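The block underneath contains the structure these notes are about, expressed in structure tokens.
Each reported figure results from applying straightforward, stated rules to the coordinates on display, with no laboratory input. These numbers come from a predicted model, not from an experiment. Note that we place each Cβ from the backbone using ideal geometry, even for glycine, and neighbour counts take in every protein chain shown.
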Amino acid sequence: MVRLTPFYKKLSILFVEDEREVQEAALNVLERYIDHILVASDGEEALAIFKEKRPDIVITDIKMPVMDGLALTKEIKELGDTPVIVISAFDNEEFVSEAARLGVETYLLKPIDIQLLLASINRCIELLIRREEARQNRSLLREYKRIVDETAMICKIDLDKTITYANEAFCQISGYSKEELTGKIYRHMVSPRQDLSRLDGGLWVNVLRGKSWKGMIELLNKKGEPYFIQASMFPLFDADGKITELIALQFDITEHIKTKQILEKQNQKLEHIAHTDTLTGVWNRYKFNKILRQEIKCAKSSNHPFSLMLLDVDRFKTINDTHGHQFGDRVLKAITSTLKRQLKHKEAMIARWGGEEFIVLAQGYRLAQALELAERLRAAIEGMEFENIPITSSFGVTEFSPEDELDTLVRRADLALYTAKESGRNRIISY
């Protein structure tokens, strides 16, 4: 036994039949399944009801007074795509052909087989459901297209790398009209800062292989101003499977890139502040320790030498107490400048260790070489002319050994520095 799909409760059906007995027999069955049934006895009455009520399905006899079923079907089909089931006592080829031409869904013969009628209604219901789904899908596609057109720059590019189509969003952001974009070589819009070899070797190679490509591209607008896009490029194929062109889906990410660049600069600035001694401008103790740990790790793995030296400004407390802290700060700045000049070839790295102490990392230096460098630095500080105030310094120097860790290495240099100061200052001691 045929059962109607669950959709039937929402249906309205117009049943058109001029024979009272046939009408009542059919209605007795249909009313068990369908809540909304409209009834008419001829085509003219049915057409008036149809125009007013717009039922979902029409079931009509052919031979009726005033207006027959085929004429009614023609009028209904001209008003829309409502499914029509035709019922006739005549197995007439002319009637069947005309019904098919008019687009009826089913042609049934009398006497009505109620199971065939229910099956026909089921097919009409399924047709209505498919149409509704298709309508919703078309609506979604239109909405999706609208959203994409408003938010994404879309263009088509042929295999000569020429733009063949551009949407309104691309025109607005690029500053070009559709006419100006059409026929333009895409790569001519690319910023000179962009690596064209990456585009040619990545984008076009992938597309010509039938694959998609995604990446960031820097373009220039009509005014020559740069803007950034996140692009997805997809190949398009003809009926024979050959690639004919590509379609580009592009999103303007200029503000995101600018914000990112600002944040990166701010982070670099903050990192510099966090790692730099504010008075002298050289690395601070925190940063130097990070560098020294990495140097120790590399030295242990590659067995390359390096040395460490700690230096202290002699009698700096007396300078501060006698001339004031601002004067002392100027002394430390002057010493920093002197050390930088002596180390201008980047043979060593300098940091402020704390107070009047500085620390120097001499990469690639054995102890003997480090002692020569320390003497050069000590002599340079002693030779400074600073407002007729004599400035000297003491050095503690040590060479890294494989069993060293940061603490043991620094402790040994500190002990050497302590010995230098205890031995009379303005000298170099090594351990």
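Here are the numbers:
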{"item": "Within-13-Å neighbourhood charge of Asp277 [Cβ basis; K, R +1; D, E -1]", "result": "+2"}
{"item": "For His36, distant residues with modelled amide H under 5 Å away", "result": "Ile13"}
{"item": "Sequence-distant residues sharing a close amide H with Ser393 (under 5 Å, placed H)", "result": "Asp314, Asn426"}
{"item": "Share antiparallel - DSSP beta bridges, the chain, percent rounded to 5", "result": "70 percent"}
{"item": "Length-normalised contact order for the chain - Cα pairs under 8 Å, 6+ apart - percent", "result": "9 percent"}
{"item": "Separation of the Arg123 and Thr419 label points, Cα + 7 Å toward Cβ, nm", "result": "10.8 nm"}
{"item": "Chain lengthening between Thr259 and Glu385 when straightened (0.36 nm per residue, less Cα-Cα)", "result": "40.6 nm"}
{"item": "Highest-MSF residue in the chain out of Gln194, Gln136, Gln23 [GNM, Cα springs under 10 Å]", "result": "Gln23"}
{"item": "Gain on full stretching of the segment that runs from Asp160 to Asp321 - 0.36 nm per residue minus C-alpha separation", "result": "50.1 nm"}
{"item": "Hits among lysines - C-alpha to C-alpha of Lys211 under 16 Å, sequence gap 8 or more where chains match", "result": "Lys156, Lys242"}
{"item": "Rough spin-label spacing in nm, given labels placed 7 Å along Cα→Cβ, for Arg54 and Glu168", "result": "2.8 nm"}
{"item": "Against the rule of thumb 2.2 N^0.38 Å, how large the Cα Rg of the chain comes out", "result": "2.05"}
{"item": "Projected label distance in nm at Asn92 and Tyr286, using a 7 Å step from Cα toward the beta-carbon", "result": "9.9 nm"}
{"item": "Computed over the range 6-141: relative contact order in percent, which uses C-alpha pairs under 8 Å that are six or more apart", "result": "20 percent"}
{"item": "Under Karplus coefficients 6.51, -1.76 and 1.60, residue-wise ³J(HN,Hα) of the range 17-32 in Hz, glycine/proline x", "result": "7, 8, 8, 4, 5, 5, 4, 5, 5, 5, 5, 4, 7, 4, 5, 6"}
{"item": "Against the rule of thumb 2.2 N^0.38 Å, how large the Cα Rg of the range 349-431 comes out", "result": "1.11"}
{"item": "Charged-residue dipole, Cβ positions (Lys, Arg, Asp, Glu), the range 152-257 about Cα centre, Debye nearest 20", "result": "220 debye"}
{"item": "Cut-off 20 Å, label 7 Å out along Cα→Cβ of Tyr33, residues of the range 92-113 by amide N", "result": "104-113"}
{"item": "Kirkwood Rh (inverse of mean 1/r, distinct Cα pairs), the range 152-257, angstrom", "result": "13.8 Å"}
{"item": "Helix-only [θ]222 nm of the chain, DSSP H runs n ≥ 4, -39500 (n - 2.57) each, per residue, nearest 500", "result": "-14500 deg cm²/dmol"}
{"item": "Sorted by Cβ neighbour density within 10 Å, fewest at the top, the residues Ile185, Ile381", "result": "Ile185, Ile381"}
{"item": "Per-selection Rg to Rh, the range 276-430 - Cα, Kirkwood hydrodynamic radius", "result": "0.96"}
{"item": "Relative contact order [Cα under 8 Å, 6+ residues apart], the range 276-430, whole percent", "result": "30 percent"}
